[in-house]
Amino acid sequence: MVRVLVVEDSPVVREFLLHVLGSDPEIEVVGMAVTGEEALEAVERIRPDIITMDVHMPKMNGFDTTRRIMETHPTPIIIVSGTLDVAETASVFRAIEAGALAVLPRPSGFGHPEHEQSAAEFVQTVKLMSEVKVVRRWPQLRPGKTLPAASLSAQIQRRTAQTESQLVAIGASTGGPPALRIILSGLPKDFPLPVLIVQHIAAGFTQGFAEWLAQSSSLPVQLSVHGQQVVPGRVYVAPDGFHMRVAGDGRIWLNTDEPENGLRPSVSYLFRSVAKAYGQSAIGVLLTGMGKDGALELKLMKEQGAVTIAQDKESSVIHGMPGEAIRLGGATYVLPPEKISTMLTTLVGGVCSEPSTESVRA
């Protein structure tokens, strides 16, 4: 039985969520809180398996409440948003920074043609996320030391000029947004390669996600557009509901082919196109996430000569995707996000080659 605490200041929405969650026999709503202060008290008293969190509440808002919970009683938290306004959805990602696992739109109301589907997806996500083992976020935690570029560079042998990198492809799922933000914020404004990103995220939040990433990146971040030419030093995020691939001429193509691994956009779809179009001239990065999307294709990229990076277990919210890539032998390097940005900068700062076996950590 999944024990859920609902934090929501609107009585109408509280009752709606109670009905949606209560429709599943494997879920029990064990408490409801109206304010952040009530939520903190309830978490300590009830110890729920997972929390659905409103953003706008009197006194202590959802961001601060999430942060306090993660500092005191770490619990899986899902942010539930009732709006898809771009400015609003961008701000919602502050809660992801604070430690929330995911952001979801509120299910469609009774009588809406999509009510049953959206309610079922909402319930399924709550059940899946309840199984995630979250860790404490220490208050005023000092950021970990980033390995100096010179030290990291010493691990990298020289590549031939023919294998100079031309493109970076990144895939991520649960826990991906903060990891991506760390990586992009660590890249210099003159980073010379285009960066393509597939992030699994609820429909309606991708534009806000891109704008949130742009706030801390010196590189322009945008949703990709069908047929556009990639430009060095720009970041392209796959839009809602579209697979994204890149051709050898550097153009992005979007389509609505069948989902892969139950997902569209799929990391596997992007990585496979990158392996075919760019081969040894690509860099592939697979970050935290549930499942196996992109793992086999990261190995394919490595077999084609690309440099491949998987996020390490210690820094991953869920080590499913990168862990599977490591298990398959698809990762050239295994690193935390802050060292991934250093690695990317080092790789494009000169012509580099595959590392010796001593530099690979699996």
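Label-to-label distance for Arg3 and Lys133 is 1.9 nm, based on points extended 7 Å past Cα in the beta-carbon direction. Computed about its Cα centre, the charge dipole of segment 158-268 is approximately 340 debye, with only Lys, Arg, Asp and Glu carrying charge at their Cβ. Were the residues from Asp240 through His19 laid out at 0.36 nm apart, the gain over their Cα-Cα distance would be 76.8 nm. With the charge dipole of the chain set up from +1 on Lys and Arg Cβ and -1 on Asp and Glu Cβ about the Cα centre, the Cα lying farthest toward the positive end among the listed residues Ala33, Tyr236, Ala282 is that of Ala282. What the Cβ-Cβ distance of Gln228 and Glu164 gives, at R0 = 22 Å and to the nearest 0.05, is a FRET efficiency of 0.45.
For segment 192-325, a/c is less than 1.5, where a ≥ b ≥ c are the root eigenvalues of the C-alpha gyration tensor. That puts it in the rounded class. The coefficient of translational diffusion for segment 31-106, derived via Stokes-Einstein from the alpha carbon Kirkwood radius under 10 °C and 1.306 mPa s, stands at 130 µm²/s. Here the spin labels are modelled as points 7 Å beyond Cα on the Cα-Cβ line, and at Leu328 and Lys276 they lie 1.6 nm apart.
Which part of segment 56-76 falls in the paramagnetic zone of Glu37, meaning amide N under 18 Å from the point 7 Å along Cα-to-beta-carbon? Flagged as within label range: 56-69.
Labels on offer are [x] 64, 43, 34; [y] 122, 65, 40; [z] 56, 53, 42, and the one holding Cα extents along the principal axes in Å computed from this structure is [x]. Remark on Leu196: its backbone amide H falls under 5 Å from those of Val168, Ala169, Ile170, Tyr236, a criterion applied only to residues 5 or more positions apart or on other chains, H modelled at 1.01 Å from N. Rolling a 1.4 Å probe across all protein chains gives Lys302 an accessible area of roughly 70 Å². Using just its DSSP H runs of length 4 or more, each adding -39500 (n - 2.57), the chain gives a mean residue ellipticity at 222 nm of -10500 deg cm²/dmol after division by all residues. Here the label points at Glu314 and Thr83, each 7 Å from Cα along the C-beta direction, are separated by 4.1 nm in the simple model. Overall, segment 231-340 carries a charge dipole of about 220 debye about its Cα centre when +1 sits on the Cβ of Lys and Arg and -1 on the Cβ of Asp and Glu, all other atoms neutral.
Cβ-Cβ distance of Ala247 and Ile46, R₀ of 41 Å, FRET efficiency by 1/(1 + (r/R0)^6): the value works out to about 0.20. Pairwise Cα separations in segment 1-63 fall into 10 Å bins from 0 onward with the following percentages, short to long: 24, 55, 20, 1.
The values are calculated or read from the model by the stated rules, or taken from the named source; none is laboratory data. Remember, predicted model here, so these are calculated numbers, not experimental data. Glycine gets a Cβ as well: all are built from the backbone with ideal geometry, and neighbour counts include every protein chain shown. Surface areas here come from the heavy atoms of the whole protein model, side chains and all, with no ligands, DNA or RNA. Shrake-Rupley method; radii C 1.70, N 1.55, O 1.52, S 1.80 Å.
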